[in-house]
Amino acid sequence: MDSFSTKVVVVGSGSSGISACFELYQRKVPFILLEKGDKVGGAGKFGAHGVFAINSQEQNKRHVKYGYRDAFNGLTNYNHYFVNGELLSRFLQKSGANIDRLSEMGLPVTVEQSEQKAHLDDPLVYHKFNNFNEKMANWDKLPALFTAAGNKVLLETAAVDVEYDNGLTAVIAQTKGGQKITIKTEKVIFADGGYCGNQTMLEQKYPDATEFLNLGERKSDGTGIRIAQALGADTRHNPVLFAHGCAPSRTINPMRRESSVEALTNLPLLWLDQTANRFVNEDVVYDFAMWGNAAHNVNGKYYVIVDQATIDTFKKTTVGLEDTFERQFCDVGQTPKTTVGPLPNIQQDFDNAVKTGEVVKAGTLEELAQKLGLPQQALDKSIAKYNDAVEQKQDKTFLKPAAELLFTVTQGPFYAICEHCAILGTLDGVNVDRNCQPVREDGSPIRDIYVVGNNANGLYSDGYPSYEGIANGFAFVSGWIAAQEAIKSLN
């Protein structure tokens, strides 16, 4: 068994872990970074496009009035006071300075309008990475800085346990090949990103977990949560899913942008749940978190119903609906398109998706109901009622805007796109104090251990809020807090 010695071990190199390492590096505190994957980075690197912050220098230059009072009261009320007030406060008060730190790390951001159509009139609190590809490249440069200063970055190496006797004495790690490593250390920061990669944990907490489309870090298997719990940490909390939009599959999803099928899933067309009933104003598609929650609320799956005439329209013409993900894939300063089409490959894309099962095709509504296992009467009633709303330009039940009531479902063949609740991660784990130390059920902290990012409870009551970039912002700041507190304790 190999052995090393250092002051601090950081587990995970996503936003919270890389942030913790950067603070340790700047303060010249020896550390070892353990990364389970074959490259540094987590959900914050590979998926996130920006961070939330208040009172940044950029915001101050633009005279943004939304500040601490607004953010603290807004998030506290949003969560119905099921929130760690001290941790929330500390995060918010450091969030502005974190924007400067991101620039120092080579990850510059610019305050911009929200990437979501539903939030274009929100206060300017979203800070978008200036260039997504440059962010990825600059993230990869950070390990060289760390190792040049004498620290170790161990890839394909995961923490599996700790040695703890009235204080931390070692972290036990294991390489991908199965080799055990003992790292003598005084502090450990668990920044391994929650448990979205642990299907057993997901199914224990979410009855619809088998329907989830996991677009998050599947290497995040709950190790940090499990180890903290074994040391006596309090993990009681409502499950909080990082639901974020919906998609048919990993091959037809917003991260790929390759299929016309995916384009139609990103629009407010007709959605029916697994009982053949309409369940929401489909305009919710323009709010990623609420869209995901709406699907989660109907057992993680629903169907987008279109007919042949609708597909033919998108193939030949420009439709005045905005693809909800269009803004996300624009770099800073780019102007998004607010229309969709023409989509010349749409028929081929749908035919291919029928072959793979991501779309179900039927010549009649009776056949569609049979193939999907839906009650025929409910399907007929839902479609008739929706067609009437389109014709009358009035949605009396769900109040969808008239401008979005564009397509009836009347001409076969009919198509049902199978949509799944997409997740970027989980947001519950370990109860912590304002210093990101895990606490026991009596509230006392477990010393020498820090839990950050998606491993930590305290910011959310039951779901991801519509404060764009807040999970990534909290990850960077909580990693920074944990490193600062570890250094303070070492000294």
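The values are calculated or read from the model by the stated rules, or taken from the named source; none is laboratory data. Worth saying up front: this structure is predicted, and the values here are computed from it rather than measured. Virtual Cβ from ideal backbone geometry, glycine too; neighbours counted across all protein chains shown. Heavy atoms of the whole protein, side chains included, go into the accessibility calculation; ligands, DNA and RNA do not. Shrake-Rupley method; radii C 1.70, N 1.55, O 1.52, S 1.80 Å.
Observations
- Net charge, D161 excluded, C-beta distance under 15 Å - Lys, Arg +1, Asp, Glu -1: -1
- Under 5 Å from the amide H of C246 lie the amide H atoms of A422, each residue being 5 or more positions distant or on a separate chain, with H modelled from the backbone and absent for Pro and chain starts.
- Protein heavy-atom accessible surface, 1.4 Å probe, per residue over the range 26-104: 48 Å².
- Looking at the chain, the DSSP beta bridges with both ends there are about 65 percent antiparallel.
- Helical contribution to [θ] at 222 nm, DSSP H n ≥ 4, -39,500 (n - 2.57), averaged over the chain, rounded to 500: -10000 deg cm²/dmol
- The label point for D38 and the one for S89, both projected 7 Å from the Cα toward the Cβ, are 4.7 nm apart.
- Relative to its residue count, the range 208-303 spans a Cα convex hull of 114 Å³ per residue.
- Placing unit charges on the Cβ atoms only, positive for Lys and Arg and negative for Asp and Glu, gives the chain a dipole magnitude near 1080 debye about its Cα centre.
- Shape category assigned to the range 266-373 from the gyration tensor of Cα positions, a/c cut at 1.5: oblate
- Each Lys and Arg contributes +1 and each Asp and Glu -1, all at the Cβ; summed about the Cα centre of the range 65-139, the dipole is approximately 140 debye.
- Under 5 Å between amide hydrogens, built in the peptide plane, is the criterion, and for Y126 it picks out E112 among residues at least 5 positions away or on other chains.
- Only lysines eight or more places from K381 in sequence, or on another chain, were considered; those with a Cα closer than 17 Å are K396.
- Table column - 3J(HN,Hα) (Hz), the range 254-269, Karplus curve with 6.51, -1.76, 1.60, x for Gly and Pro: x, 6, 9, 6, 10, 10, 5, 4, 4, 4, 6, 5, 8, 10, x, 8
- Derived scalar couplings ³J(HN,Hα) [the range 182-195; Karplus, 6.51 cos²θ - 1.76 cosθ + 1.60; whole Hz; x for Gly, Pro]: 9, 10, 5, 7, 9, 9, 9, 10, 8, 10, 9, x, x, 9
- Three-way shape call for the chain based on the alpha-carbon gyration tensor, with the a/c threshold at 1.5: prolate
- Assuming charge only on the beta carbon of Lys and Arg (+1) and of Asp and Glu (-1), the dipole of the range 1-130 about its Cα centre is about 240 debye to the nearest 20.
- Shape call, the range 394-491: gyration tensor on alpha carbons, a/c limit 1.5: prolate
- Using a probe of 1.4 Å on the protein chains alone, the accessible area found for H63 is around 140 Å².
- Rolling a 1.4 angstrom probe over the protein heavy atoms with all chains in place gives the range 273-404 an accessible area of 47 Å² per residue.
- Amide H contacts under 5 Å for E258: N253, restricted to partners 5 or more places along the chain or on a different chain, H placed in the peptide plane at 1.01 Å from N.
- Positive end of the dipole of the range 296-399 (Cβ unit charges, origin at the Cα centre): among Q376, T338, V360, the Cα lying farthest that way belongs to Q376.
- Proximal lysine pairs, the range 194-330, alpha carbons under 30 Å, eight or more residues apart or interchain: 5
- Cut-off 12 Å between beta-carbons: net charge of the residues surrounding V354, Lys and Arg +1, Asp and Glu -1: 0
- Positive minus negative residues near V125 (Lys, Arg vs Asp, Glu; Cβ under 12 Å): -2
- Heavy-atom accessible surface of the chain: percent carbon and sulfur, 1.4 Å: 47 percent
- Remark: the range 278-283, residue by residue, has Karplus-estimated 3J(HN,Hα) of 5, 10, 6, 6, 4, 4 Hz, where x stands for each Gly or Pro and the curve is 6.51 cos²θ - 1.76 cosθ + 1.60 at θ = phi - 60°.
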